[in-house]
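Have a look at the structure below, then the notes.
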Amino acid sequence: QSSIRKLEDIIKTGTTDEIHAHCISEENALAKVILKGLHNRRYGSERMEKVISVSGSIEVAKLERGLSILSSIGTLAPMVGFLGTVSGMIQAFGKIAAASSVSPRLVAGGIEEALLTTAAGLIVGIPSIFSYNYFVHRIDIFVSDINRISADLVEGLLEETHA
């Protein structure tokens, strides 16, 4: 976060060369995007904004890789657990139907299967969904940072050329 604030400060108070030098020294996606925009500033603000937008989209796509797998795991794990619940209950009721007298031991194995698979599905699903939502939130912040900083950059460069 401090790197973003530093970049914002340089954009507000520094020169184009200082912005360029800062982005080269940084090893993050935001600096790469801004640097690509700066390399196209001679073609005008419209082109610069377009390059930043496309570069930002490419960086977001890189960040989103794997998120669909995480989302799928988070969605499917509880369903698989529920499937085990149904299977365990079918087993328990099958034993009840076949027995002439019912004892707790007779159905305990099926109920245990049902509870274990439900727990396993939730143990996998909850952290997966939490992680997925965390990463989606971080990507949203990144997109917001790109939009805000690139708007400040273009505005600052326009003021610089009109001054």
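At a glance:
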{"quantity": "Tally of residues being within 30 Å of M89 (Cβ to Cβ) and surrounded by 15 or more Cβ atoms within 10 Å (Cβ to Cβ) across region 128-147", "calculated": "3"}
{"quantity": "First in region 44-67 and farther than 17 Å from I149 by Cα, second anywhere and surrounded by 14 or more Cβ atoms within 10 Å (Cβ to Cβ) and of a type in the set (S, T, Y), Cβ under 7 Å, 6 or more apart", "calculated": "L67/Y132"}
{"quantity": "Complete set of residues in region 77-99 that are under 34 Å from the mean Cα position of the chain (by Cα) and open to solvent by less than 40 Å² (accessible area, probe 1.4 Å)", "calculated": "A77, G81, G84, T85"}
{"quantity": "From A120, A108, A114, residue being open to solvent by less than 40 Å² (accessible area, probe 1.4 Å) and of a type outside the set (V, I, T)", "calculated": "A114"}
{"quantity": "Among residues of region 71-121, those that are closer than 30 Å to V136 by Cβ, of a type outside the set (A, V, I, L, M, F, W, C) and in contact with a helix residue (DSSP H, G or I) (Cβ under 8 Å, 6 or more places away or on another chain), counted", "calculated": "10"}
{"quantity": "Residue, surrounded by the most Cβ atoms within 10 Å (Cβ to Cβ), within region 24-76, restricted to residues that are assigned to a loop (DSSP other than H, G, I, E, B) and under 19 Å from the mean Cα position of the chain (by Cα)", "calculated": "N28"}
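The values are calculated or read from the model by the stated rules, or taken from the named source; none is laboratory data. Computed from a predicted model, the values in this text were never measured in an experiment. Glycine gets a Cβ as well: all are built from the backbone with ideal geometry, and neighbour counts include every protein chain shown. These accessible areas exclude ligands, DNA and RNA; they are computed on the full protein's heavy atoms, side chains included. Shrake-Rupley method; radii C 1.70, N 1.55, O 1.52, S 1.80 Å.
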